[in-house]
Amino acid sequence: MSRPGRALVDLEALRHNYRLARQMHGGQALAVLKANAYGHGTVRCAQALQPLADGFAVAFLDEARELRAAGMGGPLLVLEGLFDAEEWLSAQALDVWVVVHHAEQLRMLAQAPVTVPLQVWLKVDSGMGRAGFAPADVATAYATLQASGKVSDIVLMSHFARADEPASHATALQIATFDSATVGLAGPRSLCNSAGLLAWPEARRDWGRPGIVLYGADPLPAPGAAPLRPVMALHSQVFATRTLQVGQPLGYGAHFVAPRTTRVGLVAMGYADGYPRHAPAGTPVAVDGAPTHLIGRVSMDMLTIDLTDLPQAGIGSAVELWGAQVTVNEVAHCAGTIAYELLCNVKRVPLVYSE
Ligand SMILES: *Cc1c(COP(=O)(O)O)cnc(C)c1O
């Protein structure tokens, strides 16, 4: 038998989550498929969502090219915008929508011999302080786009910095800043990422941009606003067992020293597969459906778990690293990161799809 590590991807759960996000938001929703669909495989996810999605969003032009090459038509937004004048021509050829968030991108557009007007999403920096036009510059940028003759429609958008903090006033302030910066400018609006969509009903406008919720990971500190279904299950098997005597060390750096006679299971999954190396002893896993946890350091190709209280478990036992039993949010929390990073880091293991 070959190495048992797999990332199982449930495409029906993906569709369920998209429907839920779209319904909660109202209006239309772009399914965000950047970063290989958060590790789930861009093309397969796009194909699964195609019949129900209003459109897709990716980060940059090469990601858009991959979807077009796979035959995916329809609205496709490039969230990070374009990097040079030539890319405007590629964007025209690929028939994509383009975010414009910086004056330099307006200059590139002016230089680019675009002949077929493109839909542009004009990004307002409403308080994140990262990408986007300052509120005072929005009307001018809007007028420049209109006057260019190279733009068909303009959508007004912004992005939230702290929508996953329901107690913070920052998001309400961003909404107000966006509204006043865009007053009197015609066009659809788009504010919500996943956390915005779940926690800030007053931010729901014409277009939602759900990402992480599509993959079933709730970004809020107190999840449960929406009955999301996990899309990826990271699975493997125990491929060896051994017993450590009291005081015996385990693995790199002897990070774990057996406090009792300890039965260890070796699992075919490591940081080269995207499992976080910083996950400490105690991080939950499920073995044949029963909860246990990591012991010792995560290595490149394997990790070690405690089987002392699971005497029936042994070679060939199924191990869930995250999925329906152990949430990816729990593992992310243990490893000091977020579900986004864990999901988009998954690599080397085969992605196995089910409809
Ligand atoms: C990635 C991204 C999203 C999706 O964010 P989630 O938190 O995953 O929902 C939405 N909008 C923009 C501009 C993005 O870059």
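Let me spell out the model: positive unit charges on the Cβ of Lys and Arg, negative unit charges on the Cβ of Asp and Glu, origin at the Cα centre of the chain. What dipole size does that give, in debye rounded to 20?
Details: 26 positive and 30 negative charges, 109 e Å.
About 520 debye.
Ellipticity at 222 nm from helices only: DSSP H runs of n ≥ 4 in the chain, each -39500 (n - 2.57), divided by the residue count, give -8000 deg cm²/dmol. For residue 123, a cut-off of 14 angstrom between C-alpha atoms picks up these aspartates and glutamates, skipping any fewer than 8 places away in its own chain: 80, 104, 137, 153, 179. For the pair the stretch 47-96 and the stretch 97-123, the centres of their Cα atoms are 15 angstrom apart.
Show me the ranking of peptides 123-129, 242-248, 49-55, 176-182 by mean Cβ neighbours inside 10 Å, starting with the highest.
On the way: 123-129: 21.7, 242-248: 12.6, 49-55: 16.0, 176-182: 17.9.
Output ranking for 123-129, 242-248, 49-55, 176-182: 123-129, 176-182, 49-55, 242-248.
Between residue 131 and residue 260, the modelled label-to-label distance comes to 5.2 nm, taking each label 7 Å out from Cα in the direction of the beta carbon. Work from the charge dipole of the chain (Cβ charges, +1 for Lys and Arg, -1 for Asp and Glu, about the Cα centre) and give the residue of 124, 146, 247 farthest towards its positive end. Selected residue: 247. Relative contact order for the stretch 248-342: 29 percent, from Cα pairs under 8 Å spaced at least 6 residues apart, divided by residue count.
Between residue 43 and residue 95, what is the FRET efficiency for a Förster distance of 22 Å, r being their Cβ-Cβ separation, to the nearest 0.05? Mind showing how you got there, number by number?
On the way: r = 18 Å, r/R0 = 0.80.
Given R0 = 22 Å and the Cβ-Cβ separation, E is 0.80.
May I ask you to derive the relative contact order of the stretch 165-283, considering only C-alpha pairs under 8 Å and at least 6 residues apart, and to give it as an integer percent? Relative contact order here is 15 percent.
Lys and Arg at +1, Asp and Glu at -1: add these up for the other residues within a Cβ distance under 14 Å of residue 317 and post the number.
Working: positive: 263; negative: 288, 306, 309, 320.
Cβ neighbours under 14 Å give a net charge of -3.
Could you work out the relative contact order of the stretch 29-143? I mean the mean sequence separation of Cα pairs under 8 Å and 6+ apart, divided by the number of residues, in percent. Each step should come with its number before you reach the end.
Numbers: 178 pairs, mean separation 20.3, N = 115.
It comes to 18 percent, rounded to a whole number.
Every read-out reported here was derived from the displayed coordinates using simple, explicitly stated rules and does not represent laboratory data. The model shown is predicted, which means the values in this text are computed figures rather than measured ones. Ideal geometry is used to build each Cβ from the backbone, glycine not excepted, and the neighbour counts take in all protein chains shown.
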